[in-house]
Every structure is written in structure tokens, then in C-alpha cells.
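Below you'll find the structure, written out as C-alpha cells, and then a few comments.
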Amino acid sequence: SQTMILSQFVDVLFLSFCCASVLFIWLETNAFYEYVRYFNLGGTWSYKYEEYKKQNKFSQINLPAYLALSHDCFSVRLITCSICLSFWLNLFLNLFIFEIVYFPFTFVLSLSVYYLLTIMKNKLENA
């Protein structure tokens, strides 16, 4: 029925925008690091990142980029790659919360929204 199709469409949109938001906040901002620092939850990686920022005062590198530079390992590459992170985030959410048939749609849409947000952010910063 039409209500069921509309409900599924809303689910796909909701999940896609949630995943895009997580990707954008994690990969394009330092919000995660700032909250970890504010609530004093960081470990040695937090301290090392703070030291790196002090030594490189003009560097605008965010935490995911720093992790990719300082820890060349598979797990860090997974969480610092937008496509990889989107894939696993969408797969997990579709398997356990929504329906797996949504996966191809949410994966592509969430990446598209993330890249659109990134382009807009870069244009605003360079204007």
C-alpha cells in the first residue's frame, strides 16, 4: 500500500541522513575530539593529538586525519575512510535496526549527502 511505501521511503531517508551526519561530524569536524576533551575521556591518543596540535600550530588537521597519519593500520583506515565507514555503518544499522534490503539505497544516499555537505562546507570556508 502507499502508506507502507511512504514509510519505507522515510526510513531510507532517515537512516541516510543520520549516517551522513555521523560521517560529516566525524570526518569533517573536531566535535568528537572536543567532547572527549571536555568530558576528560581521552587516553594517550588524545594527549598525542594535543601535542601534535601544539607543535604544528598552523596545521588545521582534524582528529581522523591525525589518526590516519600517526597510526597506519587497518582499523584506523576503516574509520578514516568515508566509503568504508559509510559501508559498515549502513550495513550494521540496516542489519540490526532497519531492513537489509534498504542497504544499497541508504549507502549511496548517505554518501551522496555527506559529499554534498562536504562540498558546501569547503565552498563556505573558501569564500
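With respect to residue 77, determine if the residue is in a helix (DSSP H, G or I), in contact with a Ser or Thr (Cβ under 8 Å, 6 or more places away or on another chain) and of a type in the set (D, E, K, R).
No.
Is it true that residue 78 is open to solvent by less than 40 Å² (accessible area, probe 1.4 Å) and closer than 17 Å to residue 23 by Cβ?
no
Could you tell me which numbered condition residue 98 fails, if it satisfies all but one of (1) open to solvent by less than 40 Å² (accessible area, probe 1.4 Å); (2) closer than 24 Å to residue 10 by Cα; (3) not polar (S, T, N, Q); (4) not in a helix (DSSP H, G or I)?
Going through (1) open to solvent by less than 40 Å² (accessible area, probe 1.4 Å); (2) closer than 24 Å to residue 10 by Cα; (3) not polar (S, T, N, Q); (4) not in a helix (DSSP H, G or I) one by one, residue 98 breaks only (1).
One residue is enough: does region 61-73 have a residue meeting the conditions within 17 Å of residue 20 (Cβ to Cβ), part of a helix (DSSP H, G or I) and of a type outside the set (Phe, Trp, Tyr)?
There is at least one residue in region 61-73 that is within 17 Å of residue 20 (Cβ to Cβ), part of a helix (DSSP H, G or I) and of a type outside the set (Phe, Trp, Tyr).
Looking only at region 26-47, count how many residues are surrounded by 13 or more Cβ atoms within 10 Å (Cβ to Cβ) and closer than 25 Å to residue 84 by Cα.
Looking only at that region, the number is 12.
Which condition number in (1) open to solvent by 50 Å² or more (accessible area, probe 1.4 Å); (2) in a helix (DSSP H, G or I) is the one that residue 90 fails?
(1)
Consider residue 104 against the criteria (1) free of Cβ contacts under 8 Å to residues at least 12 places away in the same chain; (2) open to solvent by 90 Å² or more (accessible area, probe 1.4 Å): it satisfies all of them except one. Which criterion is unmet?
(2)
Being under 19 Å from residue 89 (Cβ atoms) and free of Cβ contacts under 8 Å to residues at least 60 places away in the same chain narrows it down to one residue among 44, 3, 29; which is it?
After ruling out the rest, the residue left standing is 29.
The values are calculated or read from the model by the stated rules, or taken from the named source; none is laboratory data. Just so it is clear, the structure is predicted and the values come from calculations on it, not from any experiment. Heads up, the Cβs are rebuilt from the backbone with ideal geometry, glycines too, and the neighbour counts pull from every protein chain shown. The protein model used for the area step is the full one, side chains on, heavy atoms only, and it has no ligands, DNA or RNA in it. Shrake-Rupley method; radii C 1.70, N 1.55, O 1.52, S 1.80 Å.
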